[in-house]
1. Among the residues of segment 75-133, what is the count of those that are among the aliphatic types (A, V, I, L, M), outside any helix (DSSP H, G or I) and over 21 Å from E15 (Cβ atoms)?
2. Out of everything in segment 214-270 that is more than 27 Å from L376 (Cβ to Cβ) and in contact with a Leu (Cβ under 9 Å, 6 or more places away or on another chain), what residue ends up being surrounded by the most Cβ atoms within 10 Å (Cβ to Cβ)?
3. Can you tell me which residues in segment 169-203 are within 26 Å of R368 (Cβ to Cβ), at pLDDT 80 or above and of a type in the set (G, A, S)?
4. Filter segment 308-332 down to residues that are of a type in the set (G, A, S), more than 11 Å from L372 (Cα to Cα) and touching a helix residue (DSSP H, G or I) at 6+ places or on another chain (Cβ under 8 Å), then give me how many there are.
5. Kindly establish whether Y307 is under 30 Å from D180 (Cβ atoms), buried (at least 21 other Cβ atoms within 10 Å of the Cβ) and either of a type in the set (S, T, Y) or over 21 Å from the mean Cα position of the chain (by Cα) (or both).
6. Please go through segment 17-39 and pick out each residue that is surrounded by fewer than 19 Cβ atoms within 10 Å (Cβ to Cβ) and in a helix (DSSP H, G or I).
7. For P276, only one of the following conditions fails: (1) surrounded by fewer than 23 Cβ atoms within 10 Å (Cβ to Cβ); (2) in contact (Cβ under 8 Å) with a residue 60 or more places away in the chain; (3) touching a Cys at 6+ places or on another chain (Cβ under 7 Å). What is its number?
8. Name the residues in segment 282-298 that are buried (at least 16 other Cβ atoms within 10 Å of the Cβ) and in a helix (DSSP H, G or I), would you?
Amino acid sequence: MKDKAFISSAQKELEAERLALLSLLTTDPFLKDHVEPVLFERLPPPSRPAGKPYLEALKRCQIYVLMLDRDYADKHVTVSPTREEYDLARSMGIPSMALVKGRYDDSRDSRTQAFFKRIKADGFTYKRFVDRIDLKQEVASWLRQVLKEERGVEPGPEVGESGAETIEATSTFESDQQSDLAVGDLDRSACMRLHKALTGKEAPVGAPLFRVFRTRGLLWQDGLTSAFRPTAAGVVFLGTDPAAKYLQCQVLADAYPDTKVTANPLGQARMSGPIPQLIEDLLAFVQKHTAHPTRVVGINNIALDEYPRKAVREALVNAFAHRDYTDVGRKIRVEVFRDRLVVSSPGYPPKPLTLAKLRRGQYESCRRNPVLAECLAALHMMEQRGTGFERIRAAMLDHGLDAHQLDQRDGYFKVILPGPNRDYARLRVPADARGFVPPSVEAQLNDRQKQIMVEVQTEGSVTSGWCLKTLGITYNTAYLDLSGLVQKGLIVQEGKGRATHYRLTAVGK
């Protein structure tokens, strides 16, 4: 079982540092297997009211990490919650560490200074840190020592090296606190969609989403005004126009008629918006500027995609989840050429990943932007197991195309999808193609139903009136034929009365 590590601090004052430790303990290849971070604000509410639930949460933990800065508590508070947590951890006798932000103490609350003296007198491990990189290095080193002494486990040489590299790789951009942005700068529909994915519930229109998004690292609370504001991750994932704040978040899409960049592109677009919407907009751009040849299979008249959507989507998600957002001079680029599709993401793979490891498929998942990755995973847009490139490869081969290629050049990491280069005969009909009728199902259809399916596949929809006129049947017969196709999951009814028509379902049963 993992040891639970309770992260204690003034939440408003050290919110970015709390997220940094959460990131460390969920990405470090050794620590994530042995330590589970416990942040009180991320815990579900207690089933029964408790006077001091944070103390109850601490009682279930085996490790205690305390961070202190300047503030202590409200003026009327004699003993702060962090002091109560410290006293409890001390009485429990669990491994504990105290960290103080900054080198000088003169400007701190006098009660905080008194707290420091108490910690020193008790002989607790006491460290100072300046920034989040220092913080993560100190905590990682101490936790490895605790695990060695308390549990007899320690990382091997390769894992230890990877852990140090993970600290360097994990971006500090996500938790950047931008005081000049407000919750109103976020896209409401994107917020509602993510809220439902995280909670499983529809949020009432106008309802505040602060608690859920704050615990996910998308919002922070201004200590001066108490207003909730988006972190950089919140702006990038949910902002109506992230590029207005971070120009590198603009996405460029280009389509060319040749195998190289030309002066007369077929189409160009500059995009900015919430990441989930950008992915959909880029998919639409690719759909618009690629071929969709038809293939007749039995009664099926299927419009194929030049590239498998699964592979394109996976490449796009990878770009947004793993790009280096601190690189302000580059943007995500999507280029459609006659013979290939290229998705370019700023930044090379973070250590310990290398291009050679990614090409061989022998690597552990390493998240440069864990907050964004968690949000994409919540929307079921990505997994966090390092299997994305294998899914791209499988989708390409199943589509009749060559496997993807990986490259890095000029500051970009590139995912290249080789296309059919106008040899559309090599494309395969996917098993889940929209409107595809499997032979086993086709055998169950009468001749009229087969004609109806051909019409729907060709024209996009069919009506009972068309059936009466073209097939020369009665209304009751048309109703039975159409109802049978609906029951088999091949078509779906839309509209009412004279506006009733039937369209293809996404996937035939």
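The values are calculated or read from the model by the stated rules, or taken from the named source; none is laboratory data. Since the structure is predicted, the reported quantities are computational estimates derived from the model, not experimental observations. Cβ atoms come from the backbone with ideal geometry, glycine included; neighbour counts cover every protein chain shown.
1. Residues that pass the stated criteria total 2.
2. Only one residue fits best here, namely Y256.
3. A190, A197, listed by residue number.
4. Qualifying residue count for the region: 3.
5. Considered against the rule, which asks whether it is under 30 Å from D180 (Cβ atoms), buried (at least 21 other Cβ atoms within 10 Å of the Cβ) and either of a type in the set (S, T, Y) or over 21 Å from the mean Cα position of the chain (by Cα) (or both), Y307 comes out as no.
6. T26, K32, D33
7. For P276, the failing item is (3).
8. The answer is L282, F285, V286.
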